[in-house]
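The values are calculated or read from the model by the stated rules, or taken from the named source; none is laboratory data. This is a predicted model, so every value here is computed, not measured. FYI the Cβ positions are ideal-geometry reconstructions off the backbone, even for glycines, and counts take in every protein chain you see. Each accessible area value is taken on the protein alone, full model and side chains, heavy atoms only, with ligands, DNA and RNA left out. Shrake-Rupley method; radii C 1.70, N 1.55, O 1.52, S 1.80 Å.
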Amino acid sequence: MYVVVQDDSGEEIEIDLVDGKLHVPTLAHHFKLDPSSVKLDNRVPILDGNGFTNRTFKEKQIVVVSGVAVQASDQSESAPHEGPFVDAMLGEPLPGPPPLHDLKDFMAEFPPGPVPTDVQAIRCLKAQAADLADHFVAASGRLANATGAAIWKPVEIGAPSEQDTAIAESRCVADVITSMDKARSGGGLGIIVERDRGDSSSMMTVQSPAGNTMRPDAVGRDGDGIRMLFKAEFKSAEHPLADARQDLEDKTAVWTNLYYGSISYLPCYAVAGSKLQFYAIPRGPMSAVPISRVFDLRDLGDRATLFQHIVQFYRLLVAQRELYPERVLQAGKELVAKHTEGWSRILFFRTDVLLLQKRIEPFSKYAAAAGVTGADLRAMYSATRASPGLVHADVVEVEEDDREGARAKRAKRDDCYTVQLYPVGIPEPTELLRTEDGVKCASHGLLHGLNSLHKAGFVHRDMRWPNTACSTDKRRWYLLDLEMCTLEGSGRPCGLRVQGWNASTLVGGRYTYASDLSCLGAMLSAHASVVQSEPGQAFLQDIVKPSVEIRLSAEQLLTKHSLWLGCAGATCWDAGAQAGEHW
């Protein structure tokens, strides 16, 4: 519904009605009038706390507006740029995140300086929330535009779906946070807000045992898209805020330093209809602790107070960012690598349990190029499920045409390989190889992994540092990416160009157990300069060789060099990925 509004000059525009009522600040903005001077049909309108008329209007009714024009000097174009105001508003960086028990008081504090907003918002605040107007300043710029539009433009929550809630949240919270981040001098966090689009083909729709999605409705990440800085949940107006809060708790990833670094709590917020509240989820029990009062997005005064809390929320995010390590795993986000030969590898670090879900599709193209079969991969994971030094599979599902034409019926999609892997560790931790002790730990764990594979009759065929990982204690290494594994005597050709292979890799045109060991030796040779002890150098002399010159098996190398490696033999627990170990 709309009315046709005319002024004295004959200018005419259509203004939407909300429940039959006019929003006077919006009308004043269009006609460049002082909101406090507006008359409708030559009468001063009676307004509610949000700037809506008490009077209702009919569809397409003609309304005449009059009032005092805003002088050119009052226009937002002449307002100073927000830059200096943003710096004053954010103040000095916090020395660290406040403790959880002080967080609610911190969030309620006024920011160090006023919040930049546009002139129209300042006028609305002076007319309808005068006690808050002094905490804002008229300015021009991205942040001033974002806060201004969110203050004077009414929030409409009418649909029984989450769409209205998401739209209101985007305008009143996400847009303000990202604008604040971009306006920060010296560079912000590069905040990107990702939203769940409900793609049924995505592994992001992974479900909890109760059948509920584990994908948050919104996730705020830093510029590289890896670190989760905050998250949010939305519900429609027919739900109580408690339902959105419950989703915050239910969809919180298993707590691990691999996902969250050293933070003590995860900042977040929940929205149900027009109601919004900030929370923090601490380590340990997945409970969402309120760190603000409940705001009503339909109330202009509440929106203004909300922006002051958003400033504090952003200052908290900046302080939290320092507690994230340089490398964390990208939990809850699909990582897709497309191969030029037409197949894709998709990784997804699950958030309900500490597992990595891997998918290869179409698997038939990959299998033909790599010279592998789904049957061999299932057999390999089964044979090594209790062996140390290599990643283990919780579920292996394959849908393919094998050589005999049989089809495995357990897959959920055609021509797809899916596997859920554990443990999840620190990937490719080559920074640990700067000391002899680091090289020794890597050698020990990876030799155990090759020994486990070789005893089962398989070769790895893709020995590279990117296919290794380490436990969170940074000492116990293990092998990853076993989808190139095949039986040593299979003779299947590999049509892929494998990084790390060279003229000395194959033995008589075949990839053998010795080929795996020679490739491991080549990996270690790049870090040989830090190995100064005689036992360490003796080990390298036995493994840094062409494949045809390798004389000892993985098991024999572990035995011969047990003193330097620190290997206890069959009872050794110093390799990563022990049976049943999830970290």
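Things worth noting here:
- DSSP finds beta bridges in the chain, and of those with both partners inside it, around 80 percent are antiparallel.
- Probe 1.4 Å, all protein chains present, accessible-area order of K455, K365, largest first: K455, K365
- Over all other residues within a Cβ to Cβ distance under 12 Å of H392, the charged ones net out to -1, with Lys and Arg as +1 and Asp and Glu as -1.
- For the chain, Kirkwood radius (reciprocal of mean inverse C-alpha pair distance, Å): 27.7
- Using R0 = 35 Å, the C-beta based FRET efficiency linking R492 and R195 works out to 0.20.
- Per-residue ellipticity at 222 nm from helix content only, as computed over the chain with -39500 (n - 2.57) for each DSSP H run of at least four residues, stands at -8500 deg cm²/dmol.
- Calculated FRET efficiency for the pair N257/I167, C-beta based, R₀ 51 Å, to 0.05: 0.90
- The phi torsions of the stretch 558-570, fed into the Karplus equation with coefficients 6.51, -1.76 and 1.60 and a -60° offset, translate into couplings of 4, 6, 4, 10, 4, 5, 5, 6, x, 8, 9, x, 4 Hz, rounded to whole numbers, with Gly and Pro shown as x.
- Protection proxy ranking, peptides 572-578, 116-122, 310-316, average beta carbon neighbours within 10 Å, highest first: 116-122, 310-316, 572-578
- Partner aspartates and glutamates whose Cα lies under 14 Å from the Cα of K104, excluding those fewer than 8 positions away in the same chain, are not found.
- A crude spin-label estimate for the pair E431 and K338, with each label 7 Å from Cα along the Cβ direction, gives 3.2 nm.
- Measuring with a 1.4 angstrom probe and ignoring ligands and nucleic acids, R464 comes out at about 60 Å² accessible.
- Spacing of the modelled spin labels on E156 and E581, each 7 Å from Cα toward Cβ, amounts to 5.9 nm.
- Once backbone amide H atoms are built at 1.01 Å from N, L479 has L390, V391 as its partners under 5 Å, excluding neighbours fewer than 5 places away on the same chain.
- Too-long pairs where the Cα-Cα distance tops 19 Å, listed order kept, from K32/K153; K474/K545; K231/K358; K182/K251: K474/K545; K231/K358; K182/K251
- Other residues whose C-beta falls under 11 angstrom from the C-beta of L453 contribute a net charge of 0, scoring Lys and Arg +1 and Asp and Glu -1.
- Taken along the Cα-to-beta-carbon direction at a fixed 7 Å, the label points for N502 and R327 span 2.4 nm.
- Modelled FRET efficiency - R0 60 Å, R43 with Q556, Cβ distances, 0.05 increments: 0.05
- Comparing A370, Q128, S274 along the charge dipole axis of the chain, the residue lying farthest to the positive side is A370, per the Cβ-charge model.
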